[in-house]
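What follows is a single structure, written as structure tokens, with notes after it.
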Amino acid sequence: MDQRELPIGVFDSGLGGISVLRACTALLPGEDFLFFGDSANAPYGEKPLSQVRALTLQAADSLVARGVKAIVVACNTATSAAISLLREKYPGLPVIGIEPAVKPAAQADNSSSVLVMATPLTIQEDKYQKLAATFSDQANVISLPCKGLAELVEQGRFDGPELDDYLQALFLPFRYCSVEYIVLGCTHYPFVREAIRKNFGRPVSIIDGSEGTARQLRRQLGARGLLRTGNTSGRITFLNSDPAKLSLCQTLFSREY
Ligand code: DGL
């Protein structure tokens, strides 16, 4: 079979990676995509590293078994925990990860303080610690582990009093800090971008890494001659380890945020 015709596998611990899938389909509308969300095991960001590694390898194996020409790890947590293992295991396959968009935030003209929201595991891992240290001479990089936030998104709470209370408490220590940028370092968080903006309560730029990841996917496929040609629209297939989440996948894919 012509490798170019195979779908691109996109994987997340749950529903969050749909924010990355959207960026990928916008950039590569002619490609087929197979999205797998491991909602039965979400959240990953509050589990031990060894367990996240095992779950990530298992999810990637299931995509490879179905036949994909690339894998996008649309999860900051799984990327920090297991991207090197995946690349070792599948040397012939492009494996694209995502990391918190600290670089563009720290290098922006008007930026002196950057607040990075991510899961506890992402923040604890070396990969993120090195990233934050690299840009610490360009901005004050403040790391904010958001225990429980991905779970609220998994439950479909995109607004409402429970989310507002959570965010108010989370942002309380930053009430008197100047912050120009918030980096959404977990792919679930773009779905609550407006609630984050509202509860932060001051003008702030909010960015995430989904477009950078989509561009990296296009570069990697192009470099290997794996981009599809022609102008037919691609198909998107959703798979989830928790079948009850499948209808929410479609809703999230088309939802404004
Ligand atoms: N969406 C994932 C990320 O980007 C993590 C959510 C979770 O904790 O499962 O980090």
Legend entry - Full-stretch length increase - A54, Y176 - with 0.36 nm per residue and alpha-carbon distance subtracted: 39.8 nm
Inset, instruction - Using only alpha carbons, build the gyration tensor for the chain and give me the equivalent ellipsoid semi-axes, biggest first, whole Å. - result: 29, 20, 18
Inset, instruction - With a 1.4 Å probe and all protein chains in place, put V73, V64 in order of accessible area, largest first. - result: V64, V73
Inset, instruction - Please work out the average accessible area per residue across the chain, using the 1.4 Å probe convention, and give it in Å². - result: 44 Å²
Inset, instruction - Would you please state which residues of the stretch 77-104 a label at S205 would reach in this model, taking the label point 7 Å out along Cα→Cβ and a backbone N cut-off of under 17 Å? - result: 100-104
Inset, instruction - At 1.4 Å probe size, with no ligands or nucleic acids counted, give the accessible surface of K47 in Å², nearest ten. - result: 50 Å²
Inset, instruction - Take the cross-link list K89/K127; K47/K130; K89/K245; K47/K245; K147/K245 and give me the ones stretching past 23 Å between alpha-carbons. - result: K89/K245
Inset, instruction - Report the extension gain between L85 and R219 in nm, rounded to one decimal, defined as 0.36 nm multiplied by the number of residues separating them, less their alpha carbon distance. - result: 46.1 nm
Inset, instruction - Indicate the gyration tensor shape class of the stretch 130-173 (rounded, prolate or oblate), computed on the Cα atoms with a ≥ b ≥ c the square roots of the eigenvalues: a/c under 1.5 is rounded; otherwise a/b larger than b/c is prolate and the rest oblate. - result: prolate
Legend entry - Over the chain: helical MRE at 222 nm, DSSP H runs n ≥ 4 each giving -39500 (n - 2.57), nearest 500: -12500 deg cm²/dmol
Inset, instruction - Quick one: grab the alpha carbon gyration tensor of the stretch 119-257, order the square roots of its eigenvalues as a ≥ b ≥ c, and give me rounded if a/c is under 1.5, else prolate or oblate depending on whether a/b is larger than b/c. - result: oblate
Legend entry - Placed amide H near S113: partners under 5 Å, 5+ positions off or other chain: N140, E180, Y181
Inset, instruction - Work out from phi, with θ = phi - 60° and the Karplus expression 6.51 cos²θ - 1.76 cosθ + 1.60, the ³J(HN,Hα) of each residue of the stretch 188-195, listed in order in whole Hz, and give x for Gly and Pro. - result: 6, 5, x, 6, 10, 4, 5, 5
Legend entry - Karplus-derived HN-Hα couplings along the stretch 237-250 (A = 6.51, B = -1.76, C = 1.60, θ = phi - 60°), whole Hz, x at Gly and Pro: 10, 9, 10, 8, 5, 10, x, 5, 8, 4, 5, 5, 4, 5
Legend entry - Estimated inter-spin distance, E194 and A26, nm [label 7 Å along Cα→Cβ]: 1.6 nm
Inset, instruction - Express the carbon and sulfur contribution to the solvent-accessible surface of the chain as a percent, rounded to the nearest whole number, probe 1.4 angstrom. - result: 50 percent
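The values are calculated or read from the model by the stated rules, or taken from the named source; none is laboratory data. Please read all numbers here as calculations on a predicted model, not as lab measurements. Cβ sites come from the backbone with ideal geometry, for glycine too, and all protein chains shown count toward neighbours. Remember, those area values only see protein heavy atoms, side chains included, never the ligands or the DNA or RNA. Shrake-Rupley method; radii C 1.70, N 1.55, O 1.52, S 1.80 Å.
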